[in-house]
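Since the structure comes first, as C-alpha cells, the remarks are kept for the end.
The values are calculated or read from the model by the stated rules, or taken from the named source; none is laboratory data. None of the values given here were measured: they were computed from a predicted structure. Ideal geometry is used to build each Cβ from the backbone, glycine not excepted, and the neighbour counts take in all protein chains shown. These accessible areas exclude ligands, DNA and RNA; they are computed on the full protein's heavy atoms, side chains included. Shrake-Rupley method; radii C 1.70, N 1.55, O 1.52, S 1.80 Å.
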Amino acid sequence: MGGDEREHRRLAMTLAAVLLLGAFQLGEGELKGNYSKLSGIIIPGFASTQLRAWSILDCPYSPLDFNPLDLVWLDTTKLLSAVNCWLKCMLLDPYNQTDHPECKSRPDSGLSAITELDPGYITGPLSSVWKEWVKWCIEFGIEANGIIAAPYDWRLSPSMLEERDLYFYKLKQTFETALKLRGGPSIVFAHSLGNNVFRYFLEWLKLEIAPKQYIQWLDDHIYAFFSVGAPLLGSTETVKGMLSGNTFGLPVSEGTARLMFNSFGSSLWMMPFSKYCRADAMYLKHFSGGIRKGPNTYQCEQKEFQSNYSGFSTNIINIEIPSTRGIDAYPSVSEFSQTNYSSMECGLPTQLSFSAREISDGTFFKAIEDYDSDSKRTLHQLKKSYHDDPVLNPLTPWDRPPIKNVFCIYGVDSRTEVGYYFAPSGKPYPDNWIITDVIYEIEGSLVSRSGNQVEGNPGPASGDETVPYHSLSWCKNWLGPRVNITRAPQSEHDGSDVQVELNVEHHDEDVVPNMTRSPRVKYITYYEDSESIPGKRTAVWELDKGTSLDHQL
C-alpha cells in the first residue's frame, strides 16, 4: 500500500471511528452508548459531486454524444475527445445561472455521487477518502441508512441552490428523515466549500423555522459538526481561477478553465474577504417574533483601516495596469487614492495592489472594469447573489455555529499561495492576464516564486496548499477564553513525546502553542476549551503537512 493510500485509509478510519464512537461520548440523554441512533451526513466540497447530462447533445466531429444521465463531471474521455460539447454541458449563463441552450447538467444523488468521481483529477484523492470512509463504516457495523450524502450542484450561488433545486429545503428534510429513521441526531461532515453551504443552510433555517424553535431544532437534529479544510475567510486560489484560470490538472487550457470557472455563480463564494467587515442580512431576524425587511448594511471595524492586508499575510492581488494614455484614460482606476499607485509616470504601466476586502467588496473589479470584459459580470453576480442575498452575505466572517459540538480539522505547514502579480498579456479575454509572480506562505514565512522580497505579516504557520492558514485557523476564534493544547506525533508513540499546555489564555485571536518540534516528525495539535459552555464543546485539530487532508476546493 502506497504512502498516500495509507494516509487516506488513516483519515477514513478516523472519520468512521468518529461516527462509531461519537455516541459513546454523549454526556446526557438516551443516546449514551448507542451509536446505532446516529447518522453521518456528508456535504462535499467544490467539484466533489458528479454531474450528469439531462439533455441530448449531438457532438459533431466526435463519436461521443451526450445523452440523458451520461456522466459530465467528470468524464475525462469525453472531455478529451469533445471538449466543446463538454463545455456546453458545464457552462452556465454568467448573469442568471441558467443552463446552456443546448445542454443541461444536474447533480447525481446518493453516496455514489461523491465516492465515484474520476480519480486523478481535482477530487481524485478526496473521492478515495470518502470511499474508504464508507468502507470502514461498513466494517464497523454502521447500517446503510446511517450514512447519507448531500450532493449539490457546486456551480450555483447559494440562493440559486434553493431557487432552482430546493437544496436547503431538501437538506432540512434529510435531517428530519434521519432522526425519524434512526431515533437520534446527525453528525455533519462538511469539506471545503461544503462548510460554506452548511453555514448558509443554518441561516436559511432561521427564516424557515419559528424563532423560538430554531435552537431546539438544531439540538434535536444535529449532534456534531466536523468542519474539514474549511475556507472560513475564503481562498486566494480563487483569485487565480478568476483572472488567469486554474486547470486543477484537467487537460484544458487556462483560458478555457477561466471561462468555465467564471460562468459559475459559486466562484465568488470562495473569494477571500476581511475578518473585520460584517453585514446584516436583508431580512433582520428578531427572535422575539416577526421578520421585517430592511436595507443591507456593510461595515468594517477601524482595525481594517489601521492594519494592512485585511488580516491576511499580504496583499492578494498586485496587478499592472496597461496604461498608454496616462491614468486619466481609465475613470474607474482614477477613483482610487494616489497612494495605491507604485508608479505614476504618464504612459508607463501602473501597479495597483488590493487586499481581501477590496476584492470581496468589488473595489478591485471596478478598478479593472475598463479593460476586462468579465468585470461587469463579476460585479453583477457579486451584488445580486452575495451582497444583496436576503439570507446571508457569505463574504463575511462567521461566528461559531449554534451546534452542541463543533470540531474544526485542517492541514498546516504546506506551501500555500497567498498572493499574485498579474500583468496584461496582450491577448483577448479569457487570456488577457498572465501571472508574473506568486507569493507563498511556507511554515510562517513569505517567499516569492521569483525570489523577490515580500512585504507582509506572515502567520505562525502556513496553510494546506490551497487555503491560507489565516482562513483555515479562523475557527480558533470559536474557542473559549482558556484553551488546553495537546501536541502529539501522528505516528504510533509511547506517550513520552506528548506535549500539553493547560489554560492558555485566548482573546479572540490565534492561539500559538509554546511547544517544540522535531523536523522529522509530523504532529497533530489539539486545541480544546478548558472550560466548555454547558452543553457546548469546541475543538480544533491541526495536522502537519503530508497528512491525508489533501485539500481541493
**OP:** Would you please list the contacts, defined by Cβ atoms under 8 Å and residues six or more apart or on different chains, that run from a residue in region 397-415 that is farther than 30 Å from Q299 by Cβ to a residue that is part of a strand (DSSP E or B) and among the small types (G, A, S)?
**Re:** K404/A224; N405/A224; F407/A224; F407/S227; F407/A539; I409/S227
Subject >> Qualifying positions in region 414-431 - open to solvent by 20 Å² or more (accessible area, probe 1.4 Å) and in a loop (DSSP other than H, G, I, E, B) >> reply: R415, S425, G426, K427, P428, Y429, P430, D431
Original post:
Is it fair to say E254 is touching an Asp or Glu at 6+ places or on another chain (Cβ under 9 Å) and charged (D, E, K, R)?
Top reply: yes
Original post:
Among the residues of region 462-478, is any open to solvent by 70 Å² or more (accessible area, probe 1.4 Å) and touching a helix residue (DSSP H, G or I) at 6+ places or on another chain (Cβ under 8 Å)?
Top reply: no
Original post:
Among the listed residues V447, V391, which satisfies the condition of being open to solvent by less than 60 Å² (accessible area, probe 1.4 Å), under 22 Å from the mean Cα position of the chain (by Cα), among the aliphatic types (A, V, I, L, M) and farther than 21 Å from T363 by Cβ?
Top reply: V391
Original post:
With respect to the numbered conditions (1) surrounded by fewer than 17 Cβ atoms within 10 Å (Cβ to Cβ); (2) assigned to a strand (DSSP E or B); (3) of a type in the set (S, T, N, Q), which one is the sole condition not fulfilled by S496?
Top reply: (2)
Original post:
Does D370 satisfy the criteria of being over 25 Å from I209 (Cβ atoms), modelled with pLDDT under 95 and in contact with a Phe, Trp or Tyr (Cβ under 7 Å, 6 or more places away or on another chain)?
Top reply: yes
**OP:** Report, ordered by the first and then the second residue, all pairs with beta carbons closer than 6 Å, sequence separation of six or more or different chains, a first member in region 496-512 that is touching a residue at least 40 places away in the same chain (Cβ under 8 Å), and a second member that is in a loop (DSSP other than H, G, I, E, B) and surrounded by 10 or more Cβ atoms within 10 Å (Cβ to Cβ).
**Re:** V512/P460
**OP:** Would you check which residues across region 120-138 are at pLDDT below 50 and farther than 18 Å from G194 by Cβ and list them?
**Re:** G120, Y121
Original post:
Of the residues V228, V252, V239, which is of a type in the set (A, V, I, L, M, F, W, C), in contact (Cβ under 8 Å) with a residue 60 or more places away in the chain, out of contact with any helix residue (DSSP H, G or I) (no Cβ under 6 Å at 6 or more places or on another chain) and surrounded by fewer than 21 Cβ atoms within 10 Å (Cβ to Cβ)?
Top reply: V252
Subject >> Residue in region 380-388 that is part of a loop (DSSP other than H, G, I, E, B) and either closer than 27 Å to F364 by Cβ or without any contact (Cβ under 8 Å) to a residue 60 or more places away in the chain (or both) present >> reply: yes
Subject >> Residue count for region 511-531, restricted to those that are open to solvent by less than 70 Å² (accessible area, probe 1.4 Å), polar (S, T, N, Q) and farther than 15 Å from Q490 by Cβ >> reply: 1
Original post:
Which number in (1) buried (at least 17 other Cβ atoms within 10 Å of the Cβ); (2) under 23 Å from the mean Cα position of the chain (by Cα); (3) more than 23 Å from M270 (Cβ to Cβ) marks the one condition that R487 misses?
Top reply: (2)
Original post:
So which residues in region 455-476 are closer than 14 Å to T314 by Cα, in a helix (DSSP H, G or I) and of a type in the set (S, T, Y)?
Top reply: Y469, S471
Subject >> Test: E455 is touching a residue at least 12 places away in the same chain (Cβ under 8 Å), crowded, with 16+ Cβ neighbours inside 10 Å and of a type outside the set (A, V, I, L, M) >> reply: no
Original post:
Among the residues of region 51-59, is there at least one that is at pLDDT 90 or above, open to solvent by 10 Å² or more (accessible area, probe 1.4 Å), closer than 25 Å to A190 by Cα and of a type outside the set (G, A, S)?
Top reply: yes
